[in-house]
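Asks: Attaching a single structure in structure tokens format; questions to follow.
The values are calculated or read from the model by the stated rules, or taken from the named source; none is laboratory data. Keep in mind that what you see is a predicted model, and the values were worked out from it rather than measured. Here the Cβ positions follow ideal geometry from the backbone for every residue, glycine too, while neighbour counts run over all protein chains shown. Ligands, DNA and RNA are stripped out before the accessible areas are found, and what is left, the full protein with its side chains, is counted by its heavy atoms. Shrake-Rupley method; radii C 1.70, N 1.55, O 1.52, S 1.80 Å.
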Amino acid sequence: VVKFKVVGIIDLGKHEYNQRMILTDLEVTQDMAEIGSRFSGVLLKFKNIDEAREIAKNLRRELGTGFIVRDWYEVNENLFEAVSIEKVVIFFVILIIVIAAAFNVASTLYINVISRYTEVGLLRAIGVTQKNIVQIFCWQGLIMGSIGLIGGLILGIILCFLFSWAERAFTLIPGSIYN
């Protein structure tokens with residue numbers, strides 16, 4: 001066990017790094033780990049993140065098999081896989097919601113037709129064609145769907161603004177999680 005004196009706190013740009021890493025003198029750390037003048041790893045940070053993968057590939061080739069070189073994508077591969085799986089899952093969840101909404105509209109129209117059976121008979125008796133009656137109910141479905149779409153958009157926008165306001169006022173999700 002070695003005692004260290006904290007002389008400052010540094011933000012490494014990523015919440016996980018801030019929680020797990022310390023910066024200290026190399027010789028003191030080597031003495032503590034009893035590894036002599038060797039070291040077990042190096043963390044390189046580049047200004048252009050897109051160059052990191054190419055540089056890691058070159059380092060792998062130059063250093064050979066005795067060294068492990070991992071770029072930012074390999075380090076966070078589980079996160080990227082989780083995000084890609086979430087995209088597929090969210091697609092299917094939204095698809096199921098849309099299908100349920102379509103069945104809801106269709107069942108409402110069906111119930112509307114059944115409940116207006118006498119009115120449909122009256123329209124047929126005064127000479128309205130079957131095609132015109134179908135058009136009436138199609139227009140009713142279109143209007144009902146449009147009202148639902150516009151209402152959903154307005155409600156969604158209002159809820160987004162409310163959440164944005166609540167996030168600014170109460171900091172519901174700390175920004176450090178995403179760094």
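Asks: Name the single residue that is modelled with the highest pLDDT among those in region 93-127 being open to solvent by 90 Å² or more (accessible area, probe 1.4 Å) and in a loop (DSSP other than H, G, I, E, B).
Replies: Top of the filtered list is Ile126.
The rows are residues; the columns are (1) surrounded by 12 or more Cβ atoms within 10 Å (Cβ to Cβ); (2) on the phi > 0 side of the Ramachandran plot; (3) out of contact with any helix residue (DSSP H, G or I) (no Cβ under 6 Å at 6 or more places or on another chain).
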| position | (1), (2), (3) |
| --- | --- |
| Ala56 | yes, no, yes |
| Gly64 | no, yes, yes |
| Ile68 | no, no, yes |
| Phe80 | no, no, yes |
| Lys87 | no, no, yes |
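Asks: Among the residues in region 128-135, are any open to solvent by 90 Å² or more (accessible area, probe 1.4 Å), over 30 Å from His15 (Cα atoms) and of a type in the set (D, E, K, R)?
Replies: As a first pass, look at region 128-135 and keep what is open to solvent by 90 Å² or more (accessible area, probe 1.4 Å): 130-131.
Filter again for over 30 Å from His15 (Cα atoms), leaving 130-131.
Going one step further and asking which of them are of a type in the set (D, E, K, R), we end up with 131.
Within region 128-135 (the criterion being open to solvent by 90 Å² or more (accessible area, probe 1.4 Å), over 30 Å from His15 (Cα atoms) and of a type in the set (D, E, K, R)), the answer is yes, since at least one residue qualifies.
Asks: Further question: Report, ordered by the first and then the second residue, all pairs with beta carbons closer than 9 Å, sequence separation of six or more or different chains, a first member in region 22-46 that is farther than 16 Å from Leu59 by Cα, and a second member that is charged (D, E, K, R) and assigned to a loop (DSSP other than H, G, I, E, B).
Replies: Pairs found: Gln30/Arg38.
Asks: Looking at region 17-36, which of its residues are open to solvent by 70 Å² or more (accessible area, probe 1.4 Å) and part of a loop (DSSP other than H, G, I, E, B)?
Replies: Met21, Ile22, Leu23, Asp25, Glu34
Asks: Go through (1) open to solvent by 70 Å² or more (accessible area, probe 1.4 Å); (2) part of a helix (DSSP H, G or I) one by one and return the number of the condition Phe39 breaks.
Replies: The failed condition is (2).
Asks: Which one of Lys47, Lys14 is open to solvent by 60 Å² or more (accessible area, probe 1.4 Å), basic (Lys, Arg) and either out of contact with any helix residue (DSSP H, G or I) (no Cβ under 8 Å at 6 or more places or on another chain) or at pLDDT below 85 (or both)? Full working, then the answer.
Replies: On the way: Lys14 fails: open to solvent by 60 Å² or more (accessible area, probe 1.4 Å).
The match here is Lys47.
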